[in-house]
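Presented below is the structure to which this report refers.
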Amino acid sequence: MDDRPDLHAATELVTEVVTSIDESRLTATTPCPDYAVGDLLDHLAGLATAFTLAARKEGLDAHSGPPPLGSADRLVADWKQVIPQRLAELAVAWDAPGARDGMTKAGGIDMPGEVGELVALNEVVTHGWDLAAATGQSYAPDAATLAALAGFTAQFPREGSPGAFGPWRATADDPTALERVLAQNGRDITWSPAAPAG
């Protein structure tokens with residue numbers, strides 16, 4: 001047995017969040033700056049496809065630059081079926097032999113395959129929390145998923161990375177594993193729909 005992350009657990013959790021979102025919440029604000037729920041769902045659908053192709057090493061040169069921002073205007077009508085399907089395909093793709101080997105690309109960025117898998121996991125887990133927080137759902141990734149992310153997000157620059165994640169946020173003296181990962185992604189873990197982070 002190896003120590004590779006289990007994307008199945010993360011994608012299944014986020015699928016539960018996605019399928020529990022009511023259509024009336026698509027315009028609600030989220031902890032992800034500039035994204036409403038519908039925008040973020042479109043982004044999630046897009047990144048699931050992009051990182052599935054990254055695992056398969058298919059179509060890597062089709063888009064040389066960063067992807068467009070998520071937009072509810074592009075969200076497919078049957079998103080409650082499409083997004084879970086894409087998330088499931090993402091998890092399966094990274095299980096395939098050779099997925100972590102060599103170099104790959106996503107969002108116009110070249111990276112080692114094993115890093116691509118962690119980036120995919122981090123995107124899914126963080127945006128899953130964004131959607132859960134925005135729509136009042138509980139959210140508890142399993143310990144193995146958070147352990148796989150802990151060392152990865154700890155390497156993020158404290159000042160943040162433009163277009164990727166914000167500066168590290170403050171946490172309590174003894175944060176949970178999820179709070180630590182979110183804070184290192186630039187998320188305000190105290191965010192709520194009633195008092196969105198500035």
Fill in: Of all residues in segment 152-185 being modelled with pLDDT of 80 or more and hydroxyl-bearing (Ser, Thr, Tyr), the one that is farthest from residue 125 (Cα to Cα)
171
Practice prompt. Please report, ordered by residue number, the helices (runs of 4 or more DSSP H) entirely within segment 91-198 with at least 2 residues that are farther than 15 Å from residue 5 by Cα.
Written response: 113-134, 177-184
Worksheet item: If you check 91, 99, which single one turns out to be within 16 Å of residue 10 (Cβ to Cβ), of a type in the set (Gly, Ala, Ser) and under 17 Å from the mean Cα position of the chain (by Cα)?
Response: 91
Worksheet, complete the sentence: Residue pairs within 8 Å by beta carbon, gap of at least six or interchain, first lying in segment 135-151 and in contact (Cβ under 8 Å) with a residue 12 or more places away in the chain, second basic (Lys, Arg), listed first then second, are 135/25; 148/4; 150/180
Practice prompt. Return the total of residues in segment 34-54 being open to solvent by less than 20 Å² (accessible area, probe 1.4 Å) and of a type in the set (Ser, Thr, Tyr).
Written response: 1
Discussion item. I want to confirm something. Restricting to segment 55-73 and keeping residues that are surrounded by fewer than 14 Cβ atoms within 10 Å (Cβ to Cβ) and over 20 Å from residue 113 (Cβ atoms), which single residue is modelled with the lowest pLDDT?
Written reply: 65
Response to the item:
Here the residues within segment 74-104 that are small (Gly, Ala, Ser) and open to solvent by less than 90 Å² (accessible area, probe 1.4 Å) are 88, 91, 93, 96, 98, 99, 102
Worksheet item: For segment 1-33, which residues satisfy the criterion of being of a type in the set (Ser, Thr, Tyr), surrounded by fewer than 15 Cβ atoms within 10 Å (Cβ to Cβ) and closer than 15 Å to residue 193 by Cα?
Response: 24, 27
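The values are calculated or read from the model by the stated rules, or taken from the named source; none is laboratory data. What you are looking at is a predicted structure, and each value in this text was computed from that prediction instead of being measured. Please note: Cβ atoms are built from the backbone with ideal geometry, for glycine as well, and neighbour counts cover all protein chains shown. Calculation scope for accessible area: heavy atoms of the full protein, side chains included, ligands and nucleic acids excluded. Shrake-Rupley method; radii C 1.70, N 1.55, O 1.52, S 1.80 Å.
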